[in-house]
Amino acid sequence: MSILFRAILIAASVIATCSVMIKIRRAKMQIEDAVFWVLFSFLLIILALFPPVLFFFTGLLKMQSPANLLFLIIIFLLFAKVFSMSVKLSRQEEMIKTLTQEIALEKEKEEEKK
Amino acid sequence: MNDILVIIPAFNEEANIETVVGKLIKNHPDLDYIIVNDGSTDQTAEICRKNHFRMIDLPVNLGLAGAFQTGMRYAYRNGYRYAVQFDGDGQHRAEYIRPMREKMDEGYDIVIASRFVSEKKPNTPRMLGSNLISTAIFLTTGIHLKDPTSGMRMYSRKIIEEFANRINFAPEPDTISWLLKNGAKAAEIQAKMDLRTGGRSYLTPLTAARYMIRILLSILFIQNFRGGNRK
């Protein structure tokens, strides 16, 4: 891994951690959501600071280069995150639909009474 | 009007709600209570209506934090001085509400019905988790809570207001830890708890592990960055 790549990794992981912290500080993020990003940025910091960890697993899996493994890990984690967000979004759409219908039905009931 | 509100969040508690609330009304007719039905898909709401229980019926499922916050908003709006979190599954005993209140009157913000003030903690995996959380809270606040995961807690008016109006106020140990760090005073009184009488707990090893990671990370790390801004 080149010095530049490591520098980028370290910088990116620190920025990621900081932005998560700022969002929490401004009370704009739920802790449940923050947990993923905190763990994710920790992983990035660990890998940036201690690349031997990555080299070890690259050797273990007989992969071509550590970068391949790094990308594989990150893509997989983001894939999992996108998937879980998609599930959550569907649930939220359903909730909004239910709420809208509930309000409209209540309104109709109110008007009926008049 | 009574100045204590018992908040009973209920999600799919058809097996327990009638007994739990019936017992509460019979043994403690002087207490005000409110059931928050968290969008149950079973007969919980029907049972409450049939028995003329006081209930807020949420049209969708918000989860425990959202349901409990609804109860706290109700307490805040209606000017209650104290609010108690009380499970709908029958593991909490209403007889401890009085002693909790007496403790509150000594000037505390949070009183926890604790299983381990004078009793020893048994050595079970569950209690290992409880010990870890205790240690985490001690490390960040310097205060030793013996039973941080007890779900039966009483809150003062000041804390009710925070719960009612702010984000990230789930009735979980990490919120307690944050409150303690910000100067809230907490006390514990010895209490016995019963095993849930019916239905099933949603604590599987996997959810327990996730819960632990979330709570510990939150107490040890995330809460340090939390600001005091309003929603």
Exercise. How compact and how long is segment B:22-139, expressed as Rg and Dmax of its alpha-carbon atoms in Å?
Worked result: 16.6, 49
Exercise. Based on DSSP H assignment, which helices of chain A show an axial Cα extent of at least 30 Å together with a mean Kyte-Doolittle hydropathy greater than or equal to 0.5?
Worked result: A:3-25
Exercise. With no solvent and one point per C-alpha, what does the Debye sum give as log10 I(q)/I(0) for the protein assembly as shown at q = 0.09 Å⁻¹?
Worked result: -0.59
Exercise. Comparing B:Gln69, B:Gln91, B:Gln43, which has the greatest mean-square fluctuation in the GNM of chain B with Cα pairs linked when under 10 Å apart?
Worked result: B:Gln43
Exercise. Once you mark the GluC sites (Glu not before Pro) that are in a DSSP loop and have at most 15 other Cβ atoms within 10 Å, what is the longest gap between them in chain B?
Worked result: B:120-231
For this session: Starting from the Kirkwood radius over alpha-carbon pairs of segment B:126-188, derive D by Stokes-Einstein at 10 °C in a medium of 1.306 mPa s and give it in µm² s⁻¹.
Result: 131
Problem set entry | Within-15-Å neighbourhood charge of B:Met104 [Cβ basis; K, R +1; D, E -1] | +2
Seminar exercise, completed: Scattering profile of segment A:1-106 from the Debye formula, Cα beads only, expressed as log10 I(q)/I(0) at q = 0.12, 0.13, 0.24 Å⁻¹, is -0.57, -0.64, -1.26
Exercise. Residue by residue, what Karplus-based ³J(HN,Hα) values in Hz, rounded to whole numbers, does segment B:175-181 have, using 6.51, -1.76 and 1.60 with θ = phi - 60° and x for Gly and Pro?
Worked result: 5, 4, 4, 5, 4, 4, 4
Seminar exercise, completed: Highest GNM mean-square fluctuation among B:Asn123, B:Asn37, B:Asn51, for chain B with Cα springs under 10 Å, belongs to B:Asn123
Seminar exercise, completed: Using alpha-carbon positions, the gyration tensor of segment B:66-123 gives root eigenvalues a ≥ b ≥ c; with a/c under 1.5 called rounded, otherwise prolate if a/b exceeds b/c, else oblate, the class is oblate
Seminar exercise, completed: Counting Lys and Arg as +1 and Asp and Glu as -1 over every other residue whose Cβ sits under 14 Å from the Cβ of A:Val82, the net charge comes to +1
Exercise. Among A:Ser19, B:Ser114, what is the fewest-to-most ranking by other Cβ atoms within 10 Å?
Worked result: A:Ser19, B:Ser114
Problem set entry | Ellipticity estimate at 222 nm from DSSP helix runs (n ≥ 4, -39,500 (n - 2.57)) divided over the protein assembly as shown, nearest 500 | -18500 deg cm²/dmol
Exercise. Label-point separation (nm) for B:Val117 and B:Asp57, each offset 7 Å from Cα along Cα-to-Cβ?
Worked result: 3.9
Seminar exercise, completed: XL table A:Lys97/B:Lys50; B:Lys26/B:Lys185; A:Lys28/B:Lys146; A:Lys88/B:Lys158; B:Lys23/B:Lys50; Cα-Cα > 22 Å flagged, in table order, is A:Lys97/B:Lys50; B:Lys26/B:Lys185; A:Lys28/B:Lys146; A:Lys88/B:Lys158
Seminar exercise, completed: Checked chain B with the C-alpha gyration tensor, a ≥ b ≥ c its square-rooted eigenvalues, rounded below a/c of 1.5, otherwise prolate if a/b is larger than b/c and oblate if not; verdict rounded
For this session: For segment B:4-225, give the share of DSSP beta bridges that are antiparallel, in percent and rounded to the nearest 5; count only bridges with both residues there.
Result: 25
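Every number here is computed from the coordinates shown, using simple stated rules; none is lab data. Please read all numbers here as calculations on a predicted model, not as lab measurements. Using ideal geometry, Cβ is built from the backbone for each residue, glycine included, and neighbour counts are taken over all protein chains shown.
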